[in-house]
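A.B. asks: Below is a structure I'd like to ask you about.
The values are calculated or read from the model by the stated rules, or taken from the named source; none is laboratory data. As the structure is a computational prediction, the values presented were derived from the model and not from experiment. No Cβ is skipped: glycine too gets one built from the backbone with ideal geometry, and neighbour counts run over all protein chains shown. Accessible surface areas use protein heavy atoms only, side chains included; no ligands, DNA or RNA. Shrake-Rupley method; radii C 1.70, N 1.55, O 1.52, S 1.80 Å.
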Amino acid sequence: MTTSGTAPVAYPFNTAEGLQLAEEYERVRDRPGLLRVRMPYGEPAWLVTRYADARLVLGDARFSRAQGAAHDEPRQSEGRTDSGILGMDPPDHTRLRSLVAKAFTVRQVERLRPQVRALTAELLDGLEEAGPPVDLVDRFALPLPVAVICRMLGVPVEDRPRFRVWSDAALSTSSLTAEEFEANLEELRAYMAGLIELHRRDPRDDLMTALIEARDGDGDRLSELELVDLCVAVLVAGHETTASQIPNFVLTLLDHPEQLALLRRDPSLIAPAVEELLRFVPLGSGAGQARYATEDVEVGGTLVRAGDPLLVAMGAANRDALRFSAPGVLDIRRAANQHLGFGHGVHHCLGAPLARMELQEALGALLARFPGLRLAGDLTWKTEMLVRGPRVMPIGW
């Protein structure tokens with residue numbers, strides 16, 4: 001069994017310009033034990049890269065998110081946030097999550113599918129009218145999930161560009177100082193608090209009104225700041241990942257023409273194709289959200305001491321040959337695809353059903369509308385962000 005002793009390795013491994021999984025992950029996964037790594041800020045951590053170890057750390061109550069508040073958490077930027085719901089353990093986490101969960105059940109999400117389908121068609125009409133080359137991100141990948149989450153929360157259409165800037169900063173790993181990060185968050189919180197007041201005076205049939213009613217109906221369940229932060233979390237998380245994965249998935253399919261041709265021949269493969277792309281494309285620039293061991297635990301042949309942080313590299317775990325056959329191959333027919341693209345355990349992505357549905361609708365409609373879809377210019381990549389993907393992606397058809 002290995003324990004700490006060697007100097008930690010600089011992390012993260014992935015580069016921002018591209019969607020490859022860094023080769024270092026292969027080497028780390030094949031060696032015994034866990035690797036000690038150091039992110040640009042915070043204390044060193046153990047890096048988890050194997051599927052079985054990842055499920056253990058994400059799913060076992062002996063690994064805590066809340067403990068991070070008492071530590072110098074490993075992170076990519078100087079700024080720190082209390083992470084809201086993402087920084088909680090049960091029972092606090094359960095209390096908050098159960099309030100939002102009702103809006104994101106598969107049943108609720110399926111009720112939204114016709115709206116999403118209509119919105120997708122409308123955006124594709126706009127793309128077609130603009131004519132090639134046109135930016136897939138600006139004209140399609142971003143407005144779709146933004147419109148859906150704004151509609152769910154009740155954010156006015158004219159305010160959408162404002163929160164885009166706040167959201168970018170919330171997920172930034174760049175040179176924002178801790179003060180700038182905090183100021184940005186406070187602006188977003190102030191905006192959200194104002195929107196909550198509007199909804200209190202004029203209740204509507206949306207998620208924000210439902211959360212307000214849960215908070216006001218039972219004061220013990222949700223503090224005012226928790227209500228604000230929950231709405232902020234839904235807003236930011238509710239669009240950024242999907243907006244990044246739409247162009248990422250298109251790029252990946254263009255890089256795998258035989259899989260793209262297969263999907264075009266058989267559009268009924270869209271659901272398994274989305275699952276396989278979620279497994280195959282490592283979205284994060286590196287593992288985020290450290291878990292802290294609350295007692296001494298053996299993980300992957302390493303004795304992790306109480307108080308030690310662990311970082312789970314989901315992208316690497318999704319390419320573990322012990323769990324997936326031919327893990328480095330994109331196979332849209334792959335069956336029983338229990339990937340970790342949405343995480344695992346109590347922090348498993350709440351919006352997974354919504355993201356799945358949006359990705360299925362967006363990808364299916366885009367490929368059907370443009371049989372000759374291709375890149376039509378140079379990509380500009382997001383840099384210094386927690387998520388990877390093109391910021392600008394010119395397409396033609």
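A.B. asks: Show the residues, 5+ positions off or on another chain, whose built amide H is closer than 5 Å to the amide H of Val9.
C.D. replies: Long-range HN contacts for Val9: Arg36, Val37, Arg38.
A.B. asks: Please turn the phi angles of segment 192-207 into ³J(HN,Hα) values with the Karplus equation 6.51 cos²θ - 1.76 cosθ + 1.60 (θ = phi - 60°), one per residue in order, whole Hz, x for glycine and proline.
C.D. replies: 5, 4, x, 5, 5, 4, 4, 5, 5, 6, 9, x, 10, 8, 8, 5
A.B. asks: Under 13 Å from a point placed 7 Å out from the Cα of Thr94 along the Cα-to-Cβ direction: which residues of segment 40-70 have their backbone N that close?
C.D. replies: 61
A.B. asks: Could you work out the relative contact order of segment 326-397, using alpha carbon pairs under 8 angstrom and six or more residues apart, expressed as a whole percent?
C.D. replies: 21 percent
A.B. asks: Also: Using only protein heavy atoms and a 1.4 Å probe, report how much of Thr294 is accessible, in Å² to the nearest 10.
C.D. replies: 60 Å²
A.B. asks: Please compute the net charge surrounding Gln245, taking Lys and Arg as +1 and Asp and Glu as -1 over other residues with Cβ under 11 Å from its Cβ.
C.D. replies: 0
A.B. asks: Let me ask something else. Which of these, Thr242, Thr120, Thr252, has the largest mean-square fluctuation under a Gaussian network model of the chain (Cα springs below 10 Å)?
C.D. replies: Comparing Thr242, Thr120, Thr252 in a Gaussian network model of the chain, the most mobile one is Thr252.
A.B. asks: A follow-up question, please. Which whole-number percent gives the relative contact order of the chain, counting Cα pairs below 8 Å spaced six or more residues apart?
C.D. replies: 29 percent
A.B. asks: Residue by residue through segment 320-334, what is 3J(HN,Hα) from phi via Karplus (6.51 cos²θ - 1.76 cosθ + 1.60, θ = phi - 60°)? Round to whole Hz and write x for glycine and proline.
C.D. replies: In residue order, the calculated couplings are 7, 5, 6, 10, 10, 6, 6, x, x, 9, 7, 9, 6, 9, 3 Hz.
A.B. asks: Around Val299, which amide H atoms from residues at least 5 apart in sequence, or from another chain, sit under 5 Å from its own amide H, with H modelled in the peptide plane?
C.D. replies: Val304
A.B. asks: Using amide H atoms built in the peptide plane, which far-off residues or other-chain residues are under 5 Å from Val134 H to H?
C.D. replies: When sequence neighbours closer than 5 places are left aside, the close amide H contacts are Ile395.
A.B. asks: Step through the residues of segment 27-37 one at a time and calculate ³J(HN,Hα) from phi using the Karplus curve (6.51 cos²θ - 1.76 cosθ + 1.60, θ = phi - 60°), rounding each to whole Hz and writing x for Gly and Pro.
C.D. replies: 5, 5, 5, 7, 9, x, x, 9, 9, 7, 10
A.B. asks: Between beta-carbons, use under 12 Å as the cut-off and find the net charge around Glu295, counting Lys and Arg +1, Asp and Glu -1.
C.D. replies: Combined, the nearby Lys, Arg, Asp and Glu give -2.
A.B. asks: Here is a follow-up. Given springs between every Cα pair under 10 Å in a Gaussian network model of the chain, which of Ala326, Ala271, Ala313 has the largest fluctuation?
C.D. replies: The residue with the greatest mean-square fluctuation here is Ala326.
A.B. asks: Same structure, new question: Scan segment 304-394 for trypsin sites (Lys or Arg not before Pro) in coil per DSSP, keeping those whose Cβ has at most 16 other Cβ atoms within 10 Å, and list them by number.
C.D. replies: Answer in residue order: Arg305, Arg333.
A.B. asks: Rolling a 1.4 angstrom probe over the protein chains, ignoring ligands and nucleic acids, what is the accessible area of Asp378 in square angstrom, nearest 10?
C.D. replies: 130 Å²
A.B. asks: Right, here's the next one. If I build a Gaussian network model for the chain, linking alpha-carbon pairs within less than 10 angstrom, which residue out of Arg291, Arg215, Arg279 has the largest mean-square fluctuation?
C.D. replies: Maximum fluctuation in the GNM of the chain, among the listed residues, is at Arg215.
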